[in-house]
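The values are calculated or read from the model by the stated rules, or taken from the named source; none is laboratory data. The structure displayed is predicted, hence computed values, not measured ones. Cβ coordinates were reconstructed from backbone atoms using ideal geometry, including for glycine residues, and neighbour counts include every protein chain displayed.
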Amino acid sequence: MSAMDDAKTLWEYHHLHQKIVPAEGIIAFGSHDLHVAERAAELYLSGYGRYLIFTGGLGRITRAIWNKPEADQFAEVAMAAGVPEQAIYIENQSTNTGENIEYTKKLILDRQLPVHSVIVVDKPFKERRLYATLKKQWPALSFMVTSPQNSFEEYLEYYRSSAQVSPDDFINIMVGDLQRIRLYGKNGFQIPQQIPNDVWKAYLALVQQGYDKQLIAESKSE
């Protein structure tokens, strides 16, 4: 198999394909991917939530390419799409997924926002990791996971035309997130997820080919 075939195997594993129904609110997790903000705005404007939270400061990818926090940039995208400013809440201090969750909990408590059901939005290749993390770190939350509705090929083309994140970066991120699914399921940061043999084989092949730039030490968590 080629590296692209292995990468697509990881892409498909990271997706959950959950059915999305209207909820009280929408929480979009920040990253370098502004498509996430577009998807969150689309959901809000289609009546899927009464408020929109953007969470994210500058993380391991964005601190190298941006000066403005992820959440602020996501909010600008949403408002440009037509989301009213008063419907948006911003948490822009977090630097990783754990902090995204911790600081968003505090924002919801401070603003007394209803949170019986929410839609969470992230990159397509982070759906499974986010699901497993929320189940462990926020077990009381009733949520659905979604992401931009783009294909693997469309994302490759997006990164080919990006001046900030390349197709190789894209594959490295997917490899790093799969490692985190395995590692964090073992250390208790998230609930365990079964990784099929073909997915793990694709992961190992990509690591062997040098897609190891987003791997972390086995003792580290975030």
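Okay, here's what the table says:
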{"item": "Residues of region 22-38 that turn out to be acidic (Asp, Glu) and either part of a helix (DSSP H, G or I) or within 20 Å of PHE143 (Cα to Cα) (or both), as a count", "result": "2"}
{"item": "Test for GLU127: is it in contact with a helix residue (DSSP H, G or I) (Cβ under 9 Å, 6 or more places away or on another chain) and at pLDDT below 95", "result": "no"}
{"item": "Index of the failed condition, VAL121 passing every other in (1) crowded, with 19+ Cβ neighbours inside 10 Å; (2) in contact (Cβ under 8 Å) with a residue 60 or more places away in the chain; (3) not assigned by TED's automatic domain parsing to the domain that holds ALA75", "result": "(3)"}
{"item": "Matching entry among ARG182, ARG128 (being farther than 29 Å from GLN86 by Cβ, assigned by TED's automatic domain parsing to the domain that holds ILE53 and assigned to a helix (DSSP H, G or I))", "result": "ARG128"}
{"item": "Of the criteria (1) on the phi > 0 side of the Ramachandran plot; (2) touching an Asp or Glu at 6+ places or on another chain (Cβ under 8 Å), which one GLY98 fails", "result": "(1)"}
{"item": "Residue in region 145-154 that is surrounded by fewer than 17 Cβ atoms within 10 Å (Cβ to Cβ), acidic (Asp, Glu) and free of Cβ contacts under 8 Å to residues at least 40 places away in the same chain present", "result": "yes"}
{"item": "Criterion (surrounded by 19 or more Cβ atoms within 10 Å (Cβ to Cβ), part of a loop (DSSP other than H, G, I, E, B) and in contact with a His (Cβ under 9 Å, 6 or more places away or on another chain)) met by exactly one of GLY59, GLY49", "result": "GLY59"}
{"item": "Selected residue (only one of GLN73, GLN86 is part of a helix (DSSP H, G or I), at pLDDT 95 or above, touching a Phe, Trp or Tyr at 6+ places or on another chain (Cβ under 8 Å) and in the same structural domain as GLU127 (by TED's automatic domain parsing))", "result": "GLN73"}
{"item": "Which listed residue is touching a Gly at 6+ places or on another chain (Cβ under 8 Å) and of a type in the set (Lys, Arg), from LYS213, LYS126, LYS186", "result": "LYS213"}
